[in-house]
1. If you check THR170 against the conditions, is it in contact with a Ser or Thr (Cβ under 8 Å, 6 or more places away or on another chain), hydroxyl-bearing (Ser, Thr, Tyr) and surrounded by fewer than 22 Cβ atoms within 10 Å (Cβ to Cβ)?
2. Just one of ALA186, ALA160, ALA167, ALA155 is free of Cβ contacts under 8 Å to residues at least 60 places away in the same chain and in contact with a strand residue (DSSP E or B) (Cβ under 7 Å, 6 or more places away or on another chain); which is it?
3. Inside the range 22-51, can you point out the residues that are among the small types (Gly, Ala, Ser) and over 30 Å from GLY198 (Cβ atoms)?
4. Scan the range 90-103 and tell me whether some residue there is modelled with pLDDT of 90 or more and either loosely packed, with under 14 Cβ neighbours inside 10 Å or part of a helix (DSSP H, G or I) (or both).
5. Just one of ALA202, ALA186, ALA167, ALA239 is part of a helix (DSSP H, G or I), of a type in the set (Gly, Ala, Ser), within 20 Å of ARG285 (Cβ to Cβ) and modelled with pLDDT of 90 or more; which is it?
6. Might you check whether a residue that is of a type outside the set (Phe, Trp, Tyr), outside the structural domain of THR175 (by TED's automatic domain parsing) and within 20 Å of LYS111 (Cβ to Cβ) occurs anywhere in the range 20-41?
7. Could you figure out which of (1) outside any helix (DSSP H, G or I); (2) within 24 Å of the chain's Cα centre (by Cα); (3) modelled with pLDDT of 90 or more isn't true of GLU71?
8. Can you confirm whether the range 12-30 contains a residue that is of a type outside the set (Gly, Ala, Ser), in a strand (DSSP E or B) and at pLDDT 95 or above?
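The values are calculated or read from the model by the stated rules, or taken from the named source; none is laboratory data. What you are looking at is a predicted structure, and each value in this text was computed from that prediction instead of being measured. Please note: Cβ atoms are built from the backbone with ideal geometry, for glycine as well, and neighbour counts cover all protein chains shown.
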Amino acid sequence: MAINFTGPQNSASTATTAATITRYRQGEFTVADDILATEEPLEIRLAYQFLGKPAEKSVSVTMRTPGEDRELAMGFLFGESVVSKISDVEGFESVDETQNILRVHLRPNVKVDMGALQRNFYTTSSCGVCGKASLQALELNDARPLDSGDFSIGAETVIALPDRLRASQTHFEKTGGIHAAGLFDASGNLLAIREDVGRHNALDKLIGARLLADDGAIAQKNAVVVLSGRASFELLQKALMANISIVVAVGAPSSLAVRLAEEFGITLLGFTRKNRFNIYAHDHRIDLETP
């Protein structure tokens, strides 16, 4: 299907910002050039039909690295069950010259439950809501446990994934301050990667990219997502909605992320480094036999 785009698309060059700094090394100060990861707000607005009339609602403001904003919006709306497929979206519109407001136009037949959307924001925010309520919100969002299937990945392949992710990051070496989410197959081949200052934004961009490619890859369970940082409840929620059955994190998982993985059938790994990792849930998808 064809999707309409209006307004410029911010480029990868906006992902970094030049800066002049004072550097201290071995007792001496010097003036030097540095490169920072760009961080700017993005407001996502939803344009849809309500009772037969045009309606518009701001649904999110996130601090992100400019670039791939349409992918970010698509992944975010998919994770919140606002859209379920690429054909739900009619087009994207850049509202302002700064490109920090993006309007997503839904097709007239797509129904939006704004109340449910707002309730889900509340239960998944870090405002002290209990874990039970957060897990129940997933069930209300029609999330279902993933089947066990026969997809698996070898332990030796797993421990190589963080380095492969890092080697494919274009902005990390320049800035040292940007996260990544990568999608790999069972052989450890990189399928796609996205970077952002926000961990959740990086995963939204990755999921959105696969949806916009319309290749059906995001609907299958035979893929592994690798996170450059820790694994939080929110990131596991996004993986679940995208039917990704194996999540590999370089950092630690949170307690609620482990609970989500256990209840919804996701294989969750943390502290993944050279020659080691921890399996926190559903170890049947990891081939523990060494060559």
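1. Taking the combined requirement at face value, the residue does not satisfy it.
2. Exactly one residue qualifies, and that residue is ALA186.
3. Going residue by residue through the range 22-51, those that are among the small types (Gly, Ala, Ser) are 27, 32, 37, 47.
Answer for the range 22-51, where residues must be among the small types (Gly, Ala, Ser) and over 30 Å from GLY198 (Cβ atoms): just GLY27.
4. No: zero hits.
5. Answer to the selection: ALA239.
6. So far as the range 20-41 goes, no, none of its residues is of a type outside the set (Phe, Trp, Tyr), outside the structural domain of THR175 (by TED's automatic domain parsing) and within 20 Å of LYS111 (Cβ to Cβ).
7. The number of the failed condition is (1).
8. yes
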